[in-house]
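Asker: Got a structure here, written out as structure tokens. Questions coming.
The values are calculated or read from the model by the stated rules, or taken from the named source; none is laboratory data. Keep in mind the model is a prediction, meaning the values are calculated, not measured. Methodologically, a virtual Cβ is constructed for each residue, glycine included, from the backbone with ideal geometry; neighbour enumeration extends over all protein chains shown.
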Amino acid sequence: MAEPSRPPFDPSTAPLAAVHAARWYGNVVAVNDVTFAVGPGVTGLLGPNGAGKSTLLNMLAGLLAPSSGAVLVEGQPAREHPAIYRHVALAPERDAAYGFLTGREFALLSARLARLPDPEAAARRAIALVDMEEAADRPIAGYSKGMRQRVKLGAALVHDPRILLLDEPFNGMDPRQRLHMMTLLDGMAREGRVILFSSHILEEVERLAQQVLVMVAGRLAAAGDYRAIRRLMTDRPHTFTLRTSDDRAIAARLLTEDAVLGVQIANGGLDVRAADYGSFTRLVARVAASAGVSLYELRPTDETLESVFSYLVAG
């Protein structure tokens, strides 16, 4: 099974980091000996419900103190450092707004709590950023789940934070809202911001995140690029789909290679199981050339985040 990769940044200087961090409630361990470091860009925090994602985000936001270890924001402990909060924002999974407030009032309240010099302008900018201008003056109690998600993000963005922590931000959004949110977060990441968002929906993480942290039962099961993580799973065969000019001829040649565990002729191509990703991708062109076969397509079929996640949870 793949081991968690080493942090890509020094935890003492990374924008976000945990060093042997743990959090427990009585006899219940929510986060257990987690170490990682996150830099600019979008990082997905992936795991099933109950994996410890929300607890970890609340520790990074400074709302919870670790029971042991350290949680650092820009090299400083996240807890009880108010100066750090000016650069960090958390949009929690649970709704945290009075229903009688309008979306604009909620954003304005957040701007005033942040003691911004022009809270009205900051609230207007945040509302426009999350595409909530048309509904900004309606009470939040009448908002759909997706609208409440967006106004929570708007309230989190009023002080223009460098670090954004999002807990299940896409819950309840329709396809248009989801696309707008993904475009917004991608643009913010390109500006150099640090975005860490949790999700148990694989498609969301796969489309948006450059890096992933995979949590299972409170522990960090893996960290890094999910395709690289998949390739470290040496005890599970890799599968590929091939399309060639002569499937039967190349299938016969592939079966003589030690790196190939099995070949099956399928509709429109070949399904190949290989013991090692790198060895197979290097040999397939040579085998095709020796067989006089043209290679039209070589595509890994189990490099998705879902295959990585299923493997790690099962392990």
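Asker: Of all the helices (runs of 4 or more DSSP H) wholly in region 188-283, which have at least 3 residues that are over 30 Å from the mean Cα position of the chain (by Cα), at pLDDT 85 or above and more than 30 Å from PHE170 (Cβ to Cβ)? If you could, list the steps in order and put the result at the bottom.
Answerer: Numbers: elements: 202-208, 226-231, 247-254.
Fully inside region 188-283 and qualifying: 247-254.
Asker: Ok, one more. Got a sec? Which of LEU220, LEU153, LEU213 is under 22 Å from THR35 (Cα atoms), touching a Pro at 6+ places or on another chain (Cβ under 7 Å), in the same structural domain as GLY62 (by TED's automatic domain parsing) and in contact (Cβ under 8 Å) with a residue 40 or more places away in the chain?
Answerer: Details: LEU153 fails: under 22 Å from THR35 (Cα atoms); LEU213 fails: touching a Pro at 6+ places or on another chain (Cβ under 7 Å).
Just one listed residue meets the conditions, LEU220.
Asker: While we're here: Please go through region 134-150 and pick out each residue that is under 28 Å from the mean Cα position of the chain (by Cα), surrounded by fewer than 19 Cβ atoms within 10 Å (Cβ to Cβ) and of a type outside the set (Gly, Ala, Ser).
Answerer: LYS145
Asker: Next up: Do any residues in region 25-51 that are touching a residue at least 40 places away in the same chain (Cβ under 8 Å) have Cβ atoms under 6 Å from those of residues that are assigned to a strand (DSSP E or B) and charged (D, E, K, R), where the two are at least six apart or on different chains, and which pairs are they?
Answerer: Here the result reads ALA30/ARG23; VAL31/ARG23; ASN32/ARG219, each pair linking region 25-51 to a residue that is assigned to a strand (DSSP E or B) and charged (D, E, K, R).
Asker: Restricting to region 258-296, count the residues that are closer than 24 Å to ARG227 by Cα, in contact with a helix residue (DSSP H, G or I) (Cβ under 8 Å, 6 or more places away or on another chain) and in contact (Cβ under 8 Å) with a residue 24 or more places away in the chain.
Answerer: Residues in region 258-296 being closer than 24 Å to ARG227 by Cα, in contact with a helix residue (DSSP H, G or I) (Cβ under 8 Å, 6 or more places away or on another chain) and in contact (Cβ under 8 Å) with a residue 24 or more places away in the chain: 9 in total.
Asker: Additional query: All but one of (1) buried (at least 22 other Cβ atoms within 10 Å of the Cβ); (2) assigned to a helix (DSSP H, G or I); (3) modelled with pLDDT under 90; (4) not basic (Lys, Arg) hold for ALA51; which doesn't?
Answerer: Result: ALA51 passes all but (2).
Asker: Also, I was wondering about something else. Residues LEU116, LEU109, LEU129: which one is surrounded by fewer than 21 Cβ atoms within 10 Å (Cβ to Cβ), modelled with pLDDT of 90 or more and in contact with a His (Cβ under 9 Å, 6 or more places away or on another chain)? Quick ask: steps written out before the conclusion?
Answerer: Working: LEU109 fails: in contact with a His (Cβ under 9 Å, 6 or more places away or on another chain); LEU129 fails: in contact with a His (Cβ under 9 Å, 6 or more places away or on another chain).
Among LEU116, LEU109, LEU129, only LEU116 is surrounded by fewer than 21 Cβ atoms within 10 Å (Cβ to Cβ), modelled with pLDDT of 90 or more and in contact with a His (Cβ under 9 Å, 6 or more places away or on another chain).
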